[in-house]
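S.K.: The structure under discussion is supplied below as C-alpha coordinates; questions concerning it will follow.
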Amino acid sequence: MITIRTRYYRIDPKVPNLTHIQEAAEILRKGGVVAFPTETVYGLGADGLNPEAVAKIFKAKGRPADNPLIMHVAQQKEIDLLAREIPPLAERMMELFWPGPLTLILPKSRCVPDIVTAGLDTVAVRMPAHPIALAFLKAARVPVAAPSANLSGRPSPTIGTHVLKDLAGKIDAVVDGGKTSVGLESTVLDLTSDPPVILRPGGVTLEQLQEVLGQVVLDPAIRGEYLIDGLVPRAPGMKYAHYAPRAKVFLVEGEPWQVALKMKELVEQHKAEGKRVGIICTEEMLFLCREMVPQPDHYETLGPGEDLGEVASRLYSALRNCDRYHLDVVFAQTFPENGIGVAIMNRLRKAASHRVIKA
(Lines give C-alpha, C1' and ligand atoms only; values in the text may rest on other atoms or scores of the structure.)
Protein backbone atom coordinates (compact mmCIF):
# COMPACT_ATOMS: atom_id res chain seq x y z
CA MET A 1 0.00 0.00 0.00
CA ILE A 2 1.36 3.42 -1.01
CA THR A 3 1.67 5.93 1.83
CA ILE A 4 1.06 9.58 0.99
CA ARG A 5 3.04 12.35 2.67
CA THR A 6 0.26 14.22 4.46
CA ARG A 7 0.99 17.92 4.80
CA TYR A 8 -0.25 19.58 7.99
CA TYR A 9 -1.29 23.23 8.24
CA ARG A 10 -2.25 24.64 11.64
CA ILE A 11 -4.29 27.82 11.07
CA ASP A 12 -5.80 30.25 13.57
CA PRO A 13 -9.44 30.84 12.52
CA LYS A 14 -9.31 34.36 13.98
CA VAL A 15 -6.26 35.31 11.90
CA PRO A 16 -6.15 32.83 9.00
CA ASN A 17 -2.77 32.30 7.31
CA LEU A 18 -3.73 32.95 3.69
CA THR A 19 -0.46 31.52 2.38
CA HIS A 20 -1.20 28.14 3.95
CA ILE A 21 -4.79 28.26 2.74
CA GLN A 22 -3.60 28.98 -0.81
CA GLU A 23 -1.13 26.07 -0.63
CA ALA A 24 -3.86 23.69 0.51
CA ALA A 25 -6.22 24.96 -2.20
CA GLU A 26 -3.53 24.42 -4.82
CA ILE A 27 -3.14 20.80 -3.69
CA LEU A 28 -6.89 20.32 -4.12
CA ARG A 29 -6.97 22.00 -7.54
CA LYS A 30 -4.23 19.61 -8.74
CA GLY A 31 -6.38 16.60 -7.86
CA GLY A 32 -5.38 16.11 -4.23
CA VAL A 33 -7.54 15.39 -1.19
CA VAL A 34 -7.52 17.92 1.66
CA ALA A 35 -9.21 17.83 5.07
CA PHE A 36 -10.53 21.19 6.28
CA PRO A 37 -12.58 22.48 9.22
CA THR A 38 -16.20 23.57 9.01
CA GLU A 39 -18.50 24.69 11.82
CA THR A 40 -20.01 21.18 11.93
CA VAL A 41 -17.19 18.61 11.57
CA TYR A 42 -14.01 18.37 9.51
CA GLY A 43 -14.63 17.67 5.82
CA LEU A 44 -12.50 15.66 3.40
CA GLY A 45 -12.47 17.66 0.19
CA ALA A 46 -11.64 17.10 -3.47
CA ASP A 47 -12.45 18.94 -6.68
CA GLY A 48 -16.13 18.06 -7.05
CA LEU A 49 -16.00 18.32 -10.86
CA ASN A 50 -13.05 15.91 -11.15
CA PRO A 51 -14.25 12.28 -10.89
CA GLU A 52 -10.70 10.93 -10.44
CA ALA A 53 -10.07 13.29 -7.51
CA VAL A 54 -13.42 12.43 -5.92
CA ALA A 55 -12.60 8.72 -6.20
CA LYS A 56 -9.64 9.35 -3.88
CA ILE A 57 -12.06 10.38 -1.12
CA PHE A 58 -13.83 7.03 -1.28
CA LYS A 59 -10.51 5.17 -1.28
CA ALA A 60 -9.04 7.09 1.67
CA LYS A 61 -12.17 6.68 3.82
CA GLY A 62 -13.09 3.17 2.73
CA ARG A 63 -16.47 4.70 1.90
CA PRO A 64 -19.10 2.71 -0.04
CA ALA A 65 -19.52 4.05 -3.58
CA ASP A 66 -23.31 4.25 -3.24
CA ASN A 67 -23.06 6.85 -0.45
CA PRO A 68 -23.42 10.34 -2.03
CA LEU A 69 -21.29 13.37 -1.14
CA ILE A 70 -22.09 17.02 -0.41
CA MET A 71 -20.84 19.79 -2.69
CA HIS A 72 -19.43 22.76 -0.72
CA VAL A 73 -19.39 26.28 -2.16
CA ALA A 74 -18.14 29.67 -1.01
CA GLN A 75 -20.74 31.74 -2.86
CA GLN A 76 -24.42 31.19 -3.59
CA LYS A 77 -23.98 31.91 -7.32
CA GLU A 78 -21.92 28.70 -7.64
CA ILE A 79 -25.14 26.72 -7.20
CA ASP A 80 -26.14 27.72 -10.75
CA LEU A 81 -23.39 25.37 -11.96
CA LEU A 82 -24.47 22.42 -9.81
CA ALA A 83 -28.29 22.49 -9.92
CA ARG A 84 -30.41 22.49 -13.06
CA GLU A 85 -33.20 24.19 -11.13
CA ILE A 86 -33.19 26.41 -8.03
CA PRO A 87 -36.75 26.83 -6.76
CA PRO A 88 -37.73 30.00 -4.84
CA LEU A 89 -37.94 27.89 -1.67
CA ALA A 90 -34.26 26.97 -2.02
CA GLU A 91 -33.31 30.62 -2.49
CA ARG A 92 -35.24 31.44 0.68
CA MET A 93 -33.40 28.72 2.63
CA MET A 94 -30.04 30.01 1.38
CA GLU A 95 -30.97 33.55 2.35
CA LEU A 96 -31.90 32.54 5.90
CA PHE A 97 -29.48 29.74 6.74
CA TRP A 98 -26.37 30.19 4.58
CA PRO A 99 -23.60 30.21 5.41
CA GLY A 100 -24.48 27.60 8.00
CA PRO A 101 -25.13 23.94 8.85
CA LEU A 102 -27.89 23.34 6.28
CA THR A 103 -27.46 21.14 3.19
CA LEU A 104 -30.07 21.37 0.43
CA ILE A 105 -31.01 18.58 -1.97
CA LEU A 106 -31.71 19.96 -5.47
CA PRO A 107 -32.05 18.56 -9.01
CA LYS A 108 -28.49 18.11 -10.27
CA SER A 109 -27.01 19.59 -13.41
CA ARG A 110 -25.14 17.57 -16.03
CA CYS A 111 -21.76 18.88 -14.93
CA VAL A 112 -21.93 17.08 -11.56
CA PRO A 113 -20.17 13.70 -11.87
CA ASP A 114 -22.22 10.62 -11.02
CA ILE A 115 -19.58 9.54 -8.50
CA VAL A 116 -20.51 12.58 -6.35
CA THR A 117 -24.23 11.78 -6.31
CA ALA A 118 -23.96 7.97 -6.35
CA GLY A 119 -25.91 8.04 -9.62
CA LEU A 120 -28.87 9.95 -8.16
CA ASP A 121 -30.50 12.74 -10.17
CA THR A 122 -30.16 15.11 -7.20
CA VAL A 123 -27.19 16.90 -5.69
CA ALA A 124 -26.52 17.94 -2.07
CA VAL A 125 -25.10 21.46 -1.65
CA ARG A 126 -24.09 23.69 1.25
CA MET A 127 -22.11 26.79 2.20
CA PRO A 128 -20.30 26.28 5.53
CA ALA A 129 -20.08 29.02 8.17
CA HIS A 130 -16.42 28.78 9.12
CA PRO A 131 -13.85 31.44 8.20
CA ILE A 132 -11.18 28.90 7.21
CA ALA A 133 -13.63 26.79 5.21
CA LEU A 134 -14.91 29.82 3.29
CA ALA A 135 -11.37 31.11 2.62
CA PHE A 136 -10.30 27.64 1.47
CA LEU A 137 -13.31 27.23 -0.83
CA LYS A 138 -12.77 30.66 -2.36
CA ALA A 139 -9.09 29.87 -2.96
CA ALA A 140 -9.98 26.48 -4.49
CA ARG A 141 -12.18 28.18 -7.12
CA VAL A 142 -14.09 24.91 -7.69
CA PRO A 143 -17.03 23.28 -5.91
CA VAL A 144 -15.56 20.94 -3.30
CA ALA A 145 -17.09 17.50 -2.73
CA ALA A 146 -16.60 16.55 0.90
CA PRO A 147 -17.90 14.00 3.40
CA SER A 148 -16.63 13.95 6.98
CA ALA A 149 -12.85 13.45 7.25
CA ASN A 150 -12.83 10.09 9.06
CA LEU A 151 -12.59 6.42 8.23
CA SER A 152 -15.99 5.22 7.08
CA GLY A 153 -18.25 4.26 9.97
CA ARG A 154 -16.10 5.87 12.69
CA PRO A 155 -17.06 8.96 14.73
CA SER A 156 -16.68 12.15 12.72
CA PRO A 157 -13.70 14.41 13.52
CA THR A 158 -14.20 17.62 15.47
CA ILE A 159 -10.50 18.47 15.89
CA GLY A 160 -7.58 18.20 13.47
CA THR A 161 -5.84 15.42 15.39
CA HIS A 162 -8.92 13.22 14.89
CA VAL A 163 -8.31 13.51 11.14
CA LEU A 164 -4.63 12.66 11.48
CA LYS A 165 -5.49 9.64 13.64
CA ASP A 166 -7.70 8.21 10.90
CA LEU A 167 -6.21 9.44 7.65
CA ALA A 168 -2.51 10.39 8.00
CA GLY A 169 -0.66 8.79 5.10
CA LYS A 170 -3.89 8.38 3.11
CA ILE A 171 -4.63 12.00 2.13
CA ASP A 172 -2.58 14.91 0.83
CA ALA A 173 -3.14 17.56 3.50
CA VAL A 174 -4.92 18.52 6.72
CA VAL A 175 -5.91 22.10 7.47
CA ASP A 176 -6.27 22.23 11.27
CA GLY A 177 -8.44 25.11 12.45
CA GLY A 178 -9.06 23.91 15.99
CA LYS A 179 -12.30 22.54 17.47
CA THR A 180 -15.50 22.75 15.48
CA SER A 181 -18.41 24.59 17.10
CA VAL A 182 -21.56 22.62 16.22
CA GLY A 183 -19.94 19.19 16.48
CA LEU A 184 -22.54 17.31 14.41
CA GLU A 185 -22.98 17.22 10.64
CA SER A 186 -25.28 19.60 8.78
CA THR A 187 -29.01 19.12 8.46
CA VAL A 188 -29.88 17.66 5.05
CA LEU A 189 -33.16 19.01 3.65
CA ASP A 190 -34.66 17.50 0.50
CA LEU A 191 -36.41 20.25 -1.43
CA THR A 192 -37.31 17.95 -4.31
CA SER A 193 -40.07 16.44 -2.12
CA ASP A 194 -43.40 18.00 -1.21
CA PRO A 195 -43.49 18.63 1.68
CA PRO A 196 -39.72 19.04 2.22
CA VAL A 197 -38.08 16.11 4.01
CA ILE A 198 -35.23 16.16 6.53
CA LEU A 199 -32.99 13.27 5.51
CA ARG A 200 -30.41 13.93 8.23
CA PRO A 201 -30.94 16.08 11.34
CA GLY A 202 -28.14 18.45 12.31
CA GLY A 203 -27.25 21.99 13.28
CA VAL A 204 -30.42 23.55 11.83
CA THR A 205 -33.34 22.09 13.77
CA LEU A 206 -36.75 20.84 12.69
CA GLU A 207 -38.34 23.66 14.67
CA GLN A 208 -36.29 26.32 12.85
CA LEU A 209 -37.29 24.91 9.48
CA GLN A 210 -40.95 24.61 10.44
CA GLU A 211 -41.01 28.30 11.34
CA VAL A 212 -40.16 29.11 7.72
CA LEU A 213 -41.62 26.23 5.72
CA GLY A 214 -44.62 25.20 7.79
CA GLN A 215 -44.86 21.47 7.17
CA VAL A 216 -41.54 19.61 7.21
CA VAL A 217 -41.27 15.82 7.42
CA LEU A 218 -38.61 13.79 9.22
CA ASP A 219 -37.52 10.77 7.19
CA PRO A 220 -38.48 7.64 9.22
CA ALA A 221 -34.89 6.36 9.01
CA ILE A 222 -33.79 9.19 11.33
CA ARG A 223 -35.43 7.51 14.30
CA GLY A 224 -34.81 3.99 13.03
CA GLU A 225 -38.49 3.45 12.31
CA TYR A 226 -37.82 0.94 9.56
CA LEU A 227 -34.96 -1.32 8.50
CA ILE A 228 -32.78 0.55 6.02
CA ASP A 229 -30.78 -2.34 4.56
CA GLY A 230 -31.14 -2.28 0.80
CA LEU A 231 -32.25 1.35 0.58
CA VAL A 232 -30.63 3.64 -1.94
CA PRO A 233 -29.25 6.48 0.22
CA ARG A 234 -30.94 9.79 -0.59
CA ALA A 235 -28.32 11.67 1.41
CA PRO A 236 -24.97 11.04 3.13
CA GLY A 237 -25.23 8.90 6.23
CA MET A 238 -28.67 7.34 5.67
CA LYS A 239 -27.84 3.73 4.87
CA TYR A 240 -24.73 2.65 6.74
CA ALA A 241 -23.74 2.29 10.38
CA HIS A 242 -21.89 5.38 11.50
CA TYR A 243 -20.19 7.16 14.38
CA ALA A 244 -19.28 3.93 16.18
CA PRO A 245 -16.24 3.29 18.38
CA ARG A 246 -14.75 -0.20 18.47
CA ALA A 247 -16.59 -0.89 21.71
CA LYS A 248 -20.16 -2.18 21.55
CA VAL A 249 -22.48 0.71 22.45
CA PHE A 250 -25.87 0.38 24.16
CA LEU A 251 -28.36 3.17 24.87
CA VAL A 252 -30.08 3.11 28.25
CA GLU A 253 -33.49 4.77 28.18
CA GLY A 254 -35.69 5.90 31.06
CA GLU A 255 -35.98 8.40 33.90
CA PRO A 256 -32.59 9.55 35.25
CA TRP A 257 -32.70 7.57 38.50
CA GLN A 258 -33.91 4.48 36.63
CA VAL A 259 -31.08 4.85 34.10
CA ALA A 260 -28.50 5.19 36.90
CA LEU A 261 -29.78 2.03 38.61
CA LYS A 262 -29.81 0.11 35.32
CA MET A 263 -26.29 1.27 34.48
CA LYS A 264 -25.11 0.08 37.90
CA GLU A 265 -26.56 -3.36 37.16
CA LEU A 266 -25.04 -3.45 33.68
CA VAL A 267 -21.60 -2.31 34.82
CA GLU A 268 -21.55 -4.94 37.57
CA GLN A 269 -22.59 -7.66 35.11
CA HIS A 270 -20.00 -6.81 32.45
CA LYS A 271 -17.15 -6.15 34.89
CA ALA A 272 -17.79 -9.62 36.33
CA GLU A 273 -17.26 -10.95 32.80
CA GLY A 274 -13.84 -9.27 32.67
CA LYS A 275 -14.85 -6.49 30.26
CA ARG A 276 -13.69 -2.90 30.28
CA VAL A 277 -16.81 -0.79 30.66
CA GLY A 278 -17.49 2.87 29.91
CA ILE A 279 -20.38 5.28 30.46
CA ILE A 280 -21.30 8.31 28.34
CA CYS A 281 -23.51 10.69 30.29
CA THR A 282 -24.31 14.21 31.41
CA GLU A 283 -22.89 15.88 34.50
CA GLU A 284 -26.16 15.17 36.32
CA MET A 285 -26.07 11.47 35.49
CA LEU A 286 -22.43 11.32 36.59
CA PHE A 287 -23.51 12.62 40.01
CA LEU A 288 -26.14 9.85 40.26
CA CYS A 289 -23.57 7.19 39.26
CA ARG A 290 -20.80 8.26 41.65
CA GLU A 291 -21.69 5.67 44.28
CA MET A 292 -21.74 2.85 41.73
CA VAL A 293 -19.92 -0.30 42.85
CA PRO A 294 -17.93 -1.43 40.99
CA GLN A 295 -17.07 1.75 39.14
CA PRO A 296 -16.83 1.65 35.32
CA ASP A 297 -13.36 1.88 33.79
CA HIS A 298 -14.10 5.26 32.23
CA TYR A 299 -16.69 8.05 32.17
CA GLU A 300 -17.21 10.46 29.27
CA THR A 301 -19.24 13.49 30.34
CA LEU A 302 -21.12 15.58 27.78
CA GLY A 303 -21.76 18.64 29.94
CA PRO A 304 -25.02 19.73 31.58
CA GLY A 305 -28.10 17.93 30.35
CA GLU A 306 -30.06 21.12 29.76
CA ASP A 307 -27.45 22.36 27.27
CA LEU A 308 -28.01 20.09 24.27
CA GLY A 309 -25.76 22.28 22.13
CA GLU A 310 -22.85 21.45 24.45
CA VAL A 311 -23.83 17.78 24.44
CA ALA A 312 -23.75 17.79 20.62
CA SER A 313 -20.35 19.48 20.49
CA ARG A 314 -18.80 16.87 22.81
CA LEU A 315 -20.47 13.73 21.47
CA TYR A 316 -18.00 12.61 18.79
CA SER A 317 -14.96 13.24 20.98
CA ALA A 318 -16.61 11.14 23.70
CA LEU A 319 -17.22 8.27 21.26
CA ARG A 320 -13.63 8.47 20.00
CA ASN A 321 -12.27 8.41 23.56
CA CYS A 322 -13.93 5.03 24.08
CA ASP A 323 -11.20 3.62 21.82
CA ARG A 324 -8.51 5.61 23.58
CA TYR A 325 -9.39 3.86 26.84
CA HIS A 326 -9.70 0.42 25.16
CA LEU A 327 -13.27 -0.14 26.28
CA ASP A 328 -15.19 -3.29 25.37
CA VAL A 329 -18.71 -2.05 26.05
CA VAL A 330 -20.20 1.41 26.54
CA PHE A 331 -23.55 2.48 28.00
CA ALA A 332 -24.91 5.89 26.97
CA GLN A 333 -27.92 7.71 28.29
CA THR A 334 -30.57 9.04 25.91
CA PHE A 335 -31.78 12.62 25.38
CA PRO A 336 -35.06 14.44 24.70
CA GLU A 337 -35.81 14.61 20.97
CA ASN A 338 -36.40 18.29 20.57
CA GLY A 339 -34.19 20.88 18.91
CA ILE A 340 -30.72 19.47 18.26
CA GLY A 341 -31.68 16.53 20.50
CA VAL A 342 -33.13 14.87 17.36
CA ALA A 343 -29.65 14.94 15.77
CA ILE A 344 -27.95 13.76 18.98
CA MET A 345 -30.25 10.75 19.24
CA ASN A 346 -29.90 9.98 15.54
CA ARG A 347 -26.10 9.74 15.96
CA LEU A 348 -26.34 7.74 19.18
CA ARG A 349 -28.76 5.24 17.64
CA LYS A 350 -26.40 4.70 14.73
CA ALA A 351 -23.37 4.38 17.04
CA ALA A 352 -25.31 1.77 19.03
CA SER A 353 -26.68 0.01 15.91
CA HIS A 354 -30.12 0.73 17.44
CA ARG A 355 -29.39 -1.32 20.59
CA VAL A 356 -31.61 0.19 23.31
CA ILE A 357 -32.06 -1.06 26.87
CA LYS A 358 -35.20 0.09 28.70
CA ALA A 359 -34.49 1.07 32.30
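Condition check ((1) surrounded by fewer than 20 Cβ atoms within 10 Å (Cβ to Cβ); (2) modelled with pLDDT of 95 or more) across all residues:
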| residue | (1), (2) |
| --- | --- |
| ARG324 | yes, no |
| VAL342 | no, yes |
| LEU348 | no, yes |
| ILE357 | yes, yes |
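S.K.: Could you list, in sequence order, the residues of segment 95-110 that are within 17 Å of THR122 (Cα to Cα) and either of a type outside the set (Lys, Arg) or surrounded by fewer than 18 Cβ atoms within 10 Å (Cβ to Cβ) (or both)?
M.R.: LEU102, THR103, LEU104, ILE105, LEU106, PRO107, SER109, ARG110
S.K.: Could you please find all residues in segment 51-68 being closer than 18 Å to ARG154 by Cα, touching a Pro at 6+ places or on another chain (Cβ under 9 Å) and part of a helix (DSSP H, G or I)?
M.R.: Of everything in segment 51-68, those that are closer than 18 Å to ARG154 by Cα, touching a Pro at 6+ places or on another chain (Cβ under 9 Å) and part of a helix (DSSP H, G or I) turn out to be ILE57, PHE58, LYS61.
S.K.: List the number of the failed condition for TYR243; all other conditions in (1) at pLDDT 95 or above; (2) surrounded by 13 or more Cβ atoms within 10 Å (Cβ to Cβ) hold.
M.R.: Of everything listed in (1) at pLDDT 95 or above; (2) surrounded by 13 or more Cβ atoms within 10 Å (Cβ to Cβ), TYR243 misses just condition (1).
S.K.: Do the conditions hold for SER109, that is, is it within 23 Å of GLY202 (Cα to Cα) and in contact with a helix residue (DSSP H, G or I) (Cβ under 7 Å, 6 or more places away or on another chain)? Steps first, answer last, please.
M.R.: Numbers: within 23 Å of GLY202 (Cα to Cα): no; in contact with a helix residue (DSSP H, G or I) (Cβ under 7 Å, 6 or more places away or on another chain): yes.
Answer is no for this residue.
S.K.: Can you confirm whether segment 151-164 contains a residue that is crowded, with 24+ Cβ neighbours inside 10 Å, touching a residue at least 60 places away in the same chain (Cβ under 8 Å), closer than 20 Å to LEU184 by Cα and charged (D, E, K, R)?
M.R.: There is no residue in segment 151-164 that is crowded, with 24+ Cβ neighbours inside 10 Å, touching a residue at least 60 places away in the same chain (Cβ under 8 Å), closer than 20 Å to LEU184 by Cα and charged (D, E, K, R).
S.K.: Residues being part of a loop (DSSP other than H, G, I, E, B) and in contact with a Ser or Thr (Cβ under 9 Å, 6 or more places away or on another chain): count how many of those fall in segment 8-50.
M.R.: 6
S.K.: Another one. Report whether or not PHE287 is buried (at least 21 other Cβ atoms within 10 Å of the Cβ) and over 18 Å from the mean Cα position of the chain (by Cα).
M.R.: Judged against the criteria, PHE287 is not a match.
The values are calculated or read from the model by the stated rules, or taken from the named source; none is laboratory data. Computed from a prediction, not measured in an experiment: that's the story for all the values here. FYI the Cβ positions are ideal-geometry reconstructions off the backbone, even for glycines, and counts take in every protein chain you see.
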